[in-house]
Amino acid sequence: MDRSPRHPRFVRYGLIGGGAVAIAALVYTVLWFVGASQLRAGVEEWIAQRPASGLSATAGKLEIGGYPLAFKLIARDPKLDFSPPPDSGQAAWSAGFARAVVEVKPWRRRDFRIELTGEHGFEFGSGPGLQALRGKTGRVRAAAAFDSEGFPEFLSLDLRRIGLEDSRGRPAYAAASARLSAERRPGGDGGRLTPELRVTLAAEGVNAPALARLPLGNALQRVLLEARLVGDFPLENVLESLGAWRDRGGTLELDKVDIRYGQLGVRASGTLALDRNLQPIGALTARLEGFLGAIDALREAGIIRPRDAAMAKLVLGALAKRPAGGGPRALSLPLSVQDRKLSAGPVPLMEIPEIRWPERAGETNRLRILR
């Protein structure tokens with residue numbers, strides 16, 4: 001019978017286990033610092049190579065942190081500037097921020113999370129039409145996931161407590177919250193084609209005093225849009241691809257639209273496409289609340305002719321029903337867009353402004369976003 005003491009054996013096993021954990025921790029630490037060094041070198045190389053693609057990038061200082069569960073790349077004063085090639089139909093833009101933190105998990109290196117902090121400044125247009133804005137947001141967070149070729153499959157932007165002022169210090173744009181996300185489902189040919197792009201936009205407490213001509217006021221209490229861009233759409237050259245996408249039967253499927261704008265409430269779903277002149281056409285089913293007051297406001301703003309407004313109130317008012325639980329009368333009816341005219345059932349409501357697509361990249365308004 002073996003009567004050897006067990007304690008030394010337990011101590012030996014404990015020392016072996018502890019040594020294995022220490023070695024694993026040491027190996028992980030070494031690999032983490034190697035990965036962090038590669039990430040920093042990769043970012044610096046990416047910055048150096050951008051001018052060849054028309055996108056220049058700069059950063060005042062790069063730092064690496066986040067050990068042990070993540071890589072965190074901290075960039076001071078990052079700036080981006082994009083100059084599209086001629087005849088590409090893309091808009092030039094530039095952006096700069098006080099501080100950006102990019103977080104990547106070691107085991108998911110194609111998924112990124114970005115947080116921007118500091119005061120933001122924006123400039124739109126150029127020359128006499130230049131519009132300058134400055135302000136802060138309570139939170140700016142973005143996330144992205146990339147495929148094996150480095151092209152985005154998922155993007156999201158989350159904003160909280162947005163407040164921007166114009167160059168004279170007057171309130172220009174504000175929102176309690178806004179979130180935009182886009183998910184790409186690529187085609188099977190391996191190219192940068194997307195047979196479906198899912199987009200979701202949700203915003204609350206939007207106010208735009210800078211837009212003085214909105215017919216129902218400058219405040220939107222709620223905006224929710226869930227849509228799908230269906231059809232093979234080359235993402236590199238958007239403007240030149242619109243006609244081809246239309247000819248192949250491409251559509252924009254509005255799965256859910258929920259808007260509360262002043263006294264008007266709209267819930268709708270339907271399909272939009274482009275006609276031969278690349279103007280929107282489509283059919284939707286909508287439920288409207290507070291539409292009588294909205295028609296009056298549109299008439300006073302000169303958007304609807306008095307004759308059309310009177311006809312719309314007469315016909316739509318007769319079709320509206322009051323909910324069983326009380327409240328304003330609601331109306332469910334088809335909406336159509338054809339030949340740049342919006343109609344509710346058989347009643348024409350308003351003419352839709354023409355979308356004037358730029359023929360050349362040089363005609364595209366330059367967008368500048370600066371700190």
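The values are calculated or read from the model by the stated rules, or taken from the named source; none is laboratory data. Nothing here was measured: the structure is a model prediction, and the numbers come from that model. Glycine gets a Cβ as well: all are built from the backbone with ideal geometry, and neighbour counts include every protein chain shown.
General remarks:
- Restricting PRO346, PRO328 to those that are surrounded by 15 or more Cβ atoms within 10 Å (Cβ to Cβ), over 30 Å from PHE82 (Cα atoms) and modelled with pLDDT under 80 reduces the list to PRO328.
- Residues in region 211-230 that are crowded, with 16+ Cβ neighbours inside 10 Å and in a loop (DSSP other than H, G, I, E, B) were compared, and the one that is modelled with the highest pLDDT is ASN218.
- From LEU62, LEU15, LEU31, LEU26, residue being outside any helix (DSSP H, G or I) and either modelled with pLDDT under 80 or of a type in the set (A, V, I, L, M, F, W, C) (or both): LEU62
- Test for LEU284: is it more than 27 Å from the chain's Cα centre (by Cα), of a type outside the set (Asp, Glu), closer than 24 Å to ARG228 by Cβ and assigned to a strand (DSSP E or B): no
Condition check ((1) under 21 Å from the mean Cα position of the chain (by Cα); (2) under 28 Å from PRO85 (Cα atoms); (3) assigned to a strand (DSSP E or B)) across all residues:
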site	(1), (2), (3)
ASP232	yes, yes, yes
ALA244	no, yes, no
ARG260	yes, no, yes
ALA294	no, no, no
ALA310	no, no, no
ALA318	no, no, no
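- Here SER83 meets each of (1) modelled with pLDDT of 75 or more; (2) under 29 Å from LYS136 (Cα atoms) with one exception, condition (1).
- Residues in region 283-320 that are crowded, with 17+ Cβ neighbours inside 10 Å and within 30 Å of ASP247 (Cα to Cα): LEU284, ALA286.
- Of all the numbered requirements in (1) part of a helix (DSSP H, G or I); (2) surrounded by 18 or more Cβ atoms within 10 Å (Cβ to Cβ); (3) at pLDDT 85 or above; (4) among the aliphatic types (A, V, I, L, M), LEU333 misses one, and that requirement is (1).
- Among the residues of region 45-58, those that are surrounded by 13 or more Cβ atoms within 10 Å (Cβ to Cβ) and either modelled with pLDDT of 85 or more or not in a loop (DSSP other than H, G, I, E, B) (or both) comprise ILE47, ARG50, LEU55, SER56, ALA57, THR58.
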